[in-house]
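First comes the structure, then the notes that go with it.
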Amino acid sequence: MPDTPIDLTVSPIEKPADDVPPRVYSARVRVDVAESAKGAGPDRGATESHEVDSTSAEPQSDANRVRGKSRGAGSVMQSLTLLATMLVMLGLARYSVPRIVEEIRYAWHRGEMRAEYETGEQGLRNVSLDSLSRAYEMVSSAVGPSVVHIDVHRRGDETNASLQRLLRGIEDGGTTREDGSSNGSNSYSVSDQGSGVIVDESGYILTNRHVITDGQQIWVTLSDGRRQEATVVGTDRLTDLAVLKVDAENLLPIRWGDSGEIRVGSPVWAVGSPFGLDRTITFGILSGTHRIVHAGARYGASARYQDFMQSDVAVNPGNSGGPLVDARGRCIGINTAIVGDTYQGVSFSIPSNVSKQIYEQLRDAGRVTRGWLGVMLEEVPDALHVGADPRIRGALISGLPSSESPGAMAGLLPGDIVVSVDETAVIDVGHLMRIVGQTSAQTELELEIRRNAALRNIRVRLGNRPDVLVQ
């Protein structure tokens with residue numbers, strides 16, 4: 001048998017350092033066997049190669065224990081680090097998120113203002129003076145037939161007798177006047193005038209209450225010259241509105257507009273009979289909305305319910321009760337008040353959204369019924385205001401008139417701030433009073449209130465507003 005060469009090769013995979021735990025070594029043994037040609041088959045002279053791998057490891061029990069301890073300590077450190085990171089992130093979010101939200105809101109508002117600015121500039125480039133002039137003429141044609149002149153005869157008293165005799169040129173004696181009364185009687189007729197607008201072809205006319213208050217006779221002059229005596233259907237003291245009725249045919253009622261859609265700066269027209277000059281038309285722009293003006297207070301009106309719109313349209317004595325219209329000839333308000341005794345550049349009208357609702361109640365029932373919350377209200381001071389918009393403040397409940405009022409029975413308390421009603425944000429005290437006043441009694445409303453910095457919802461069933469209330 002020939003000699004069999006044996007090749008032994010031992011190579012370490014990695015030689016550990018002295019301070020590193022023992023590692024596995026690998027030994028490869030290669031055996032080459034060359035067979036003699038004698039007795040060999042086709043593979044004679046071939047070399048057979050056999051490789052044998054063997055591994056050996058040193059005991060590792062101590063190393064595994066060390067590794068286990070290291071892993072445990074590492075897991076604890078990772079958990080603590082993650083927890084600390086989360087706490088830091090929550091702290092940053094607590095103080096930074098409200099500020100980010102506020103900045104986003106302001107950015108959105110600035111974007112809206114920028115869009116309005118660019119739209120306005122583009123629109124001004126396309127304005128045609130000829131089309132504006134034509135629009136004025138069309139407004140006059142569309143609105144004029146719906147406006148009426150109102151003459152009111154009131155009974156005077158003895159204190160004004162001497163002045164009236166002087167103005168009328170009547171001397172004492174037994175002379176009888178046109179109305180059949182004797183000048184020796186204790187009553188004297190006082191004439192007044194105003195305006196009104198036809199709102200229904202069946203003869204209903206809307207005007208101001210103060211125009212017809214204490215009227216003995218009310219005469220209406222239509223745009224075609226017909227003169228009709230009017231009857232009072234109903235009046236509302238708080239809004240200073242009244243509805244009259246005339247028996248006439250072929251009337252042309254005005255169209256209602258939406259006062260909530262018209263924007264400040266929009267063109268508006270006032271139509272009426274200033275100083276007895278019937279069907280006088282004046283032009284201006286809408287200057288502001290939601291104005292509180294104590295106009296008509298001597299007649300019992302409340303500015304909280306009137307919600308005035310302000311314009312610079314020329315309105316004078318005699319314009320009261322006439323319509324304020326938009327560029328489409330739609331009634332968006334009833335002209336009611338001015339600053340001072342004559343026009344000084346500022347006039348006020350009751351929005352159509354208020355006027356129409358009052359008209360419908362007076363037409364149907366002859367009176368206006370309002371819901372009653374039964375709480376005393378104050379404006380929210382700056383120290384209690386919460387929110388990004390300083391104009392939306394809510395209404396502060398300062399007290400309860402009795403334990404049996406609707407608000408008290410629902411659980412409202414002094415110090416609560418009414419934030420919204422049926423998801424409508426409350427702007428101020430007047431806004432809340434109008435929301436409640438425009439809602440029928442026995443209606444359930446859902447109030448969102450803020451109590452001790454926490455929000456909660458309370459359902460309230462409204463009562464009937466007592467007539468003895470001042471506001």
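The values are calculated or read from the model by the stated rules, or taken from the named source; none is laboratory data. These numbers were taken from a predicted model, which means no experiment stands behind them. Cβ: placed from backbone, ideal geometry, glycine included. Neighbour counts: every protein chain shown. Calculation scope for accessible area: heavy atoms of the full protein, side chains included, ligands and nucleic acids excluded. Shrake-Rupley method; radii C 1.70, N 1.55, O 1.52, S 1.80 Å.
Go through the range 307-342 residue by residue and tally those that are open to solvent by less than 10 Å² (accessible area, probe 1.4 Å), polar (S, T, N, Q) and assigned to a loop (DSSP other than H, G, I, E, B). Total meeting the criteria: 1. Scanning the range 239-253 for residues that are in a loop (DSSP other than H, G, I, E, B), open to solvent by less than 10 Å² (accessible area, probe 1.4 Å) and of a type in the set (A, V, I, L, M, F, W, C) turns up just one, V246. Among the conditions (1) touching an Asp or Glu at 6+ places or on another chain (Cβ under 8 Å); (2) over 30 Å from V233 (Cα atoms); (3) open to solvent by 40 Å² or more (accessible area, probe 1.4 Å), N353 misses just one, which is (2).
Answer yes or no: is there a residue in the range 431-442 that is among the small types (G, A, S), in contact (Cβ under 8 Å) with a residue 60 or more places away in the chain and closer than 15 Å to G394 by Cβ. No: zero hits. Within the range 199-238, the set of residues being of a type in the set (S, T, N, Q) and not in a strand (DSSP E or B) comprises S202, T213, S223.
Applying the criterion of being in contact with an Asp or Glu (Cβ under 7 Å, 6 or more places away or on another chain) and without any contact (Cβ under 8 Å) to a residue 60 or more places away in the chain to the residues of the range 415-430, the residue that is surrounded by the most Cβ atoms within 10 Å (Cβ to Cβ) is V419. Per the conditions (1) farther than 16 Å from I350 by Cα; (2) at pLDDT below 90, the sole criterion not satisfied by G265 is (2). Checked against the criterion of being β-branched (V, I, T), at pLDDT 90 or above, under 29 Å from H109 (Cβ atoms) and in a strand (DSSP E or B), the candidates I397, I458, I449 yield just one match: I449.
Take the residues in the range 97-132 that are small (G, A, S) and modelled with pLDDT under 75, then tell me which one is most open to solvent (accessible area, probe 1.4 Å).
As a first pass, look at the range 97-132 and keep what is small (G, A, S): 107, 111, 115, 120, 123, 128, 131.
Filter again for modelled with pLDDT under 75, leaving 120, 123, 128, 131.
Details: G120: 35, G123: 35, S128: 48, S131: 64 Å².
Among residues in the range 97-132 that are small (G, A, S) and modelled with pLDDT under 75, the one most open to solvent (accessible area, probe 1.4 Å) is S131.
Every test in (1) in a strand (DSSP E or B); (2) touching an Asp or Glu at 6+ places or on another chain (Cβ under 7 Å) is passed by G345 save one, and that test is (1).
This table checks each residue for (1) buried (at least 16 other Cβ atoms within 10 Å of the Cβ); (2) closer than 20 Å to L238 by Cβ.
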position: G366; (1), (2): no, yes
position: L413; (1), (2): no, no
position: L432; (1), (2): yes, yes
position: L445; (1), (2): yes, yes
position: L462; (1), (2): yes, yes
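For the range 87-96, a tally of residues being within 23 Å of D389 (Cβ to Cβ) and either open to solvent by 100 Å² or more (accessible area, probe 1.4 Å) or touching a residue at least 40 places away in the same chain (Cβ under 8 Å) (or both) returns 2.
The test for being under 24 Å from Y359 (Cβ atoms), in a loop (DSSP other than H, G, I, E, B) and open to solvent by 50 Å² or more (accessible area, probe 1.4 Å) holds for S440.
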